[in-house]
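Okay, handing you the structure first.
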Amino acid sequence: MHPLLPLALVALLCLLAASRKWIWTKAALLALLLLALSAWWLVDRLSGDGINAATLYHLRAGVDGAGISDFSDQIAAFLALAAVSLVVPLGLAWLSPARGGGRRGALALAGFVALFALTVRFSPLYTDGQRIARSLRPADAAAVAAEYRQPAVPLRNRKNIVWIYGESLERTYLDPQAFPGLMPNLSRLAGEALDFRDVASAEGSGWTIAGLVASMCGVPLTTAPGDENSMGRMDQFLPGAHCLGDYLKEQGYATRFLGGADADFAAKGAFLASHGFDRVKEKNDYRAAGVSRRHFSNWGVHDDVLLDDAWDSFQQLSRAGRPFLLTALTMDTHHPAGHLPVSCRDIRYDSPYGDIGLLKALKCSDRLISRLVERIRRSPWADDTIIVVASDHLAMPNDLSEVLAGLHRENLLLFLGPGIRPRSIARGGSTLDSGATLLQLLDPDKQALGFGRSLLAAGATASASAAASRDGGKDYPRYLAFARQLWTGTDTRTLRVDDDGRVVVGRQRIQPPLMLEYDRDWNIRAMVLNDAPRQFIDRQPDNVLAYVDRCTAFLDDSLRGEWCAALWDRNDNLQLYTGAQLRHGVQVSASPAYTDVPRPRPRRPLTIGVEDQRMRAGGYQLLLRARDLPAHPFWLEAVSSQGRVIHAREWIQPGAQAGDLLRLPLWLDTSVEGLEVRAWLDYTEFIQVDRMAVVRDRNARVAQATHG
């Protein structure tokens with residue numbers, strides 16, 4: 001943050017009060033700026049790097065499963081800042097006396113506008129916005145495509161692998177000058193291991209799920225192109241990537257992941273399930289197993305329970321005789337303050353920095369991780385096992401941030417096992433290279449995974465890690481652009497709807513509604529899942545927009561299949577594809593004879609009533625007393641409580657039904673547990689239902705057009 005920013009904000013308040021000319025506009029602008037800066041402050045406290053790739057990822061993936069209460073102090077401070085941001089400028093505008101007209105008022109207004117623009121320009125909001133824009137700017141992914149490597153040849157040496165990720169457990173904590181005696185056990189293991197130094201976290205690898213993707217897949221993590229706020233509607237996580245779990249599973253490995261947190265958080269479980277892991281055990285599994293509540297923090301199960309389970313899993317997998325990859329991700333060193341499990345309540349650490357709980361959590365992690373490592377090394381299966389101890393990423397803002405800021409920051413990456421000579425190697429690199437390094441330890445001929453390159457390989461090779469650290473990372477966006485394509489693959493010019501109602505785009509299957517925007521090279525520029533109808537209406541295409549939804553979103557008079565797609569080009573030409581056309585696939589890049597029809601305004605389904613009672617097979621009338629009916633005709637439909645099976649559909653002409661009483665004839669072939677009643681309306685329209693009733697009607701029949 002620019003050191004003069006506080007002074008600039010004070011000066012803006014003075015200029016606001018200096019004249020009442022446009023005072024409420026000035027107050028509103030200043031309040032919005034202060035609110036935005038307050039939000040930036042909160043994000044920076046969580047990410048340690050302002051608004052960055054991690055921020056964008058979590059906005060899309062959601063924060064379900066996060067230990068939000070751990071950040072209660074930061075959230076409370078943000079709410080206080082937000083209140084001040086509103087009260088001070090608006091209160092000043094209310095109390096400011098009537099003065100400053102004429103020339104003085106014009107000068108004060110000009111000064112406010114100029115200083116406001118400069119404040120925004122030199123604020124972290126602008127800096128972070130520029131950084132994100134650079135990373136999202138279209139880049140030539142083809143220029144680095146040849147560097148992306150997928151191992152395919154069978155392994156020479158199928159050793160068991162135990163990979164232990166320490167949450168935020170960077171190697172900096174092993175610094176004996178800064179943290180004397182904090183981590184004696186891991187420091188000893190580092191001396192007995194292949195110890196890589198100066199391992200960085202490149203952009204797209206600096207938070208937990210990104211650290212897992214970087215180390216296991218050799219690619220930075222980006223979100224799919226677009227602004228979707230949930231990945232739950234995508235069937236697969238990075239389907240175009242070929243990761244360590246995929247490869248090892250092909251080589252006959254059993255694959256298991258143990259994590260204390262919720263696997264749904266940041267779509268971690270979806271990533272693991274999509275990339276070769278047979279078994280993912282997480283917080284809810286430990287709860288279901290009856291683990292006592294005292295062994296859980298706000299994030300999930302404590303590390304002592306987790307790592308004891310890792311030891312049990314190691315023995316079980318070893319006895320089975322099949323090679324395996326066992327991965328464990330700890331949690332108790334999570335920012336901002338860490339957590340202390342029951343087995344570490346005796347931990348003490350005398351520190352010049354004071355009584356900081358995170359230091360105790362770190363010392364506990366040193367004890368627990370080293371104990372698991374030693375158990376494995378003393379076991380009968382030690383000669384068949386490679387152990388990896390690594391941080392998932394550098395520490396985020398925590399109670400030791402001021403100390404860490406003055407130190408050389410580096411990730412932890414240790415390899416221990418038969419034939420691995422203990423030594424320290426400082427070649428730089430990043431967590432993108434971790435998986436490739438493991439592969440070379442298994443097979444000397446394998447030195448690449450994704451964009452990762454083995455840190456043992458002789459000679460310098462082109463890599464994403466090198467690009468991230470060279471010339472300010474100016475070439476790194478090419479790697480990000482390639483990684484973005486892994487969500488769909490490169491062959492995305494064909495749209496198809498499968499039998500399950502999913503839109504098939506390249507390698508991805510997505511639940512509609514969905515809007516795709518293509519650039520002039522037929523690459524997907526944006527993929528919009530949230531608020532797609534409004535986006536389709538408001539956006540002007542540079543090349544082609546494709547909108548896929550149920551036909552009720554487009555058609556008024558008849559149904560020509562369940563699914564429809566509207567393609568609209570930059571010349572305002574539009575064509576509608578329906579039914580069988582979409583089942584066989586539509587070539588978006590072809591040159592169809594666009595029909596000269598008005599651009600449609602896709603409707604969205606709005607639930608207006610729910611019938612919870614069990615309904616037996618037979619005929620019914622759904623009667624709805626409605627008010628505030630929309631001005632335009634609309635579809636009214638009854639669907640199953642899960643929204644999947646359509647039982648009835650009726651075209652409604654407002655004003656054609658007496659007293660705003662809507663009737664929906666319904667025929668059920670089998671009994672149902674409940675119904676939702678939905679109206680397909682333009683996004684600007686609403687409908688209010690005051691009463692809904694279900695009446696038996698033995699003469700009711702469902703027209704063929706209502707079948708879904």
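The values are calculated or read from the model by the stated rules, or taken from the named source; none is laboratory data. These numbers come from a predicted model, not from an experiment. Note that we place each Cβ from the backbone using ideal geometry, even for glycine, and neighbour counts take in every protein chain shown.
So that you can scan it fast, the table gives a plain yes or no per residue for (1) surrounded by fewer than 24 Cβ atoms within 10 Å (Cβ to Cβ); (2) among the small types (Gly, Ala, Ser); (3) in contact with a Gly (Cβ under 8 Å, 6 or more places away or on another chain):
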residue: Met331; (1), (2), (3): no, no, yes
residue: Pro341; (1), (2), (3): no, no, no
residue: Gly357; (1), (2), (3): yes, yes, yes
residue: Trp381; (1), (2), (3): yes, no, no
residue: Asp399; (1), (2), (3): yes, no, yes
residue: Leu407; (1), (2), (3): yes, no, no
residue: Ile420; (1), (2), (3): yes, no, no
residue: Gly429; (1), (2), (3): no, yes, no
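Can you name every residue in region 365-397 that is among the β-branched types (Val, Ile, Thr) and in contact with a Lys or Arg (Cβ under 6 Å, 6 or more places away or on another chain)? Even if it seems obvious, please write down each step before you answer.
At the first step, the residues of region 365-397 found to be among the β-branched types (Val, Ile, Thr) are 369, 373, 376, 385-389.
Residue satisfying the conditions is Ile386 alone.
Select from region 617-635 the residues that are loosely packed, with under 14 Cβ neighbours inside 10 Å and hydrophobic (A, V, I, L, M, F, W, C) and write down the one among them that is farthest from Leu662 (Cα to Cα).
So the residue we want is Ala617.
In the set Leu194, Leu258, Leu189, Leu212, which member is at pLDDT 95 or above, within 26 Å of Pro154 (Cα to Cα), over 18 Å from the mean Cα position of the chain (by Cα) and among the aliphatic types (A, V, I, L, M)? Outline the logic, then answer.
Working: Leu258 fails: within 26 Å of Pro154 (Cα to Cα); Leu189 fails: within 26 Å of Pro154 (Cα to Cα); Leu212 fails: over 18 Å from the mean Cα position of the chain (by Cα).
The unique qualifying residue is Leu194.
If you check Ile347, Ile387, which single one turns out to be touching a Gly at 6+ places or on another chain (Cβ under 7 Å) and not basic (Lys, Arg)? Write out each step before concluding.
Values: Ile347 fails: touching a Gly at 6+ places or on another chain (Cβ under 7 Å).
The match here is Ile387.
With the condition kept exactly as written, say whether any residue in region 27-48 is part of a loop (DSSP other than H, G, I, E, B) and either within 28 Å of Val301 (Cα to Cα) or modelled with pLDDT of 85 or more (or both).
Here is the first cut: in region 27-48, the ones part of a loop (DSSP other than H, G, I, E, B) are 48.
Checking which are either within 28 Å of Val301 (Cα to Cα) or modelled with pLDDT of 85 or more (or both) leaves us with 48.
The answer is yes; a qualifying residue exists.
Among the residues of region 362-379, is there at least one that is modelled with pLDDT of 95 or more and in a loop (DSSP other than H, G, I, E, B)?
Yes, the conditions are met somewhere in region 362-379.
List the number of the failed condition for Glu250; all other conditions in (1) out of contact with any Phe, Trp or Tyr (no Cβ under 7 Å at 6 or more places or on another chain); (2) of a type outside the set (A, V, I, L, M, F, W, C); (3) at pLDDT below 90; (4) farther than 19 Å from Leu455 by Cβ hold.
Looking at each condition in turn, Glu250 falls short on (3).
Considering every residue within region 691-706, establish whether at least one is surrounded by 12 or more Cβ atoms within 10 Å (Cβ to Cβ), of a type in the set (Val, Ile, Thr), at pLDDT below 85 and in a loop (DSSP other than H, G, I, E, B).
yes
Of the residues Gly435, Gly419, which is out of contact with any Asp or Glu (no Cβ under 7 Å at 6 or more places or on another chain) and part of a helix (DSSP H, G or I)? So that I can check it myself, show each step before the final result.
On the way: Gly419 fails: part of a helix (DSSP H, G or I).
Being out of contact with any Asp or Glu (no Cβ under 7 Å at 6 or more places or on another chain) and part of a helix (DSSP H, G or I) holds for just one of Gly435, Gly419, which is Gly435.
Tally the residues that are over 12 Å from Thr330 (Cα atoms) and crowded, with 20+ Cβ neighbours inside 10 Å, restricting the search to region 294-311.
Count: 1.
Would you tally the residues in region 404-434 being over 21 Å from Thr330 (Cβ atoms) and either among the hydrophobic types (A, V, I, L, M, F, W, C) or in contact with a Leu (Cβ under 9 Å, 6 or more places away or on another chain) (or both)?
Of the residues in that region, 15 qualify.
May I ask you to verify whether Gly450 is surrounded by fewer than 20 Cβ atoms within 10 Å (Cβ to Cβ) and either over 30 Å from Leu362 (Cβ atoms) or hydroxyl-bearing (Ser, Thr, Tyr) (or both)?
On the way: surrounded by fewer than 20 Cβ atoms within 10 Å (Cβ to Cβ): no; either over 30 Å from Leu362 (Cβ atoms) or hydroxyl-bearing (Ser, Thr, Tyr) (or both): yes.
No.
Within region 511-530, work out how many residues are free of Cβ contacts under 8 Å to residues at least 60 places away in the same chain and under 18 Å from Glu685 (Cβ atoms).
Number of matching residues: 0.
Exactly one condition in (1) of a type in the set (Ser, Thr, Tyr); (2) part of a loop (DSSP other than H, G, I, E, B); (3) modelled with pLDDT of 95 or more is false for Ser168; which is it?
Among (1) of a type in the set (Ser, Thr, Tyr); (2) part of a loop (DSSP other than H, G, I, E, B); (3) modelled with pLDDT of 95 or more, Ser168 violates only (3).
Can you tell me which residue in region 639-668 is surrounded by the fewest Cβ atoms within 10 Å (Cβ to Cβ), limited to those that are among the charged types (D, E, K, R) and modelled with pLDDT under 85? Explain how you work it out, then say what you get.
Kept after step one, since they are among the charged types (D, E, K, R), are these residues of region 639-668: 644, 649-650, 660, 663.
From what is left, the residues that are modelled with pLDDT under 85 are 644, 660.
On the way: Arg644: 10, Asp660: 17.
So the residue we want is Arg644.
Return the residue satisfying two criteria in turn: it lies in region 487-522 and is outside any strand (DSSP E or B) and hydrophobic (A, V, I, L, M, F, W, C), and of such residues it is modelled with the highest pLDDT. Spell out the reasoning first.
Here is the first cut: in region 487-522, the ones outside any strand (DSSP E or B) are 487-493, 498-502, 506-507, 511-513, 519-522.
With the extra rule that they be hydrophobic (A, V, I, L, M, F, W, C), the set shrinks to 487, 522.
Numbers: Trp487: 89, Trp522: 83.
My answer is Trp487.
Considering only residues that are part of a loop (DSSP other than H, G, I, E, B), of a type in the set (Gly, Ala, Ser) and more than 14 Å from Thr437 (Cβ to Cβ), which ones fall in region 196-224?
Scanning region 196-224 gives Ser201, Ala202, Gly204, Ser205, Gly206, Ala224.
Taking region 274-320, which residues are free of Cβ contacts under 8 Å to residues at least 40 places away in the same chain and among the polar types (S, T, N, Q)?
The answer is Ser274, Asn284, Ser292, Gln316.
Residues checked against (1) polar (S, T, N, Q); (2) at pLDDT below 85; (3) outside the structural domain of Tyr518 (by TED's automatic domain parsing):
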residue: Arg539; (1), (2), (3): no, yes, no
residue: Leu559; (1), (2), (3): no, yes, no
residue: Leu574; (1), (2), (3): no, yes, no
residue: Leu582; (1), (2), (3): no, no, no
residue: Asp596; (1), (2), (3): no, yes, yes
residue: Ala617; (1), (2), (3): no, no, yes
residue: Leu623; (1), (2), (3): no, no, yes
residue: Arg627; (1), (2), (3): no, yes, yes
residue: Pro633; (1), (2), (3): no, no, yes
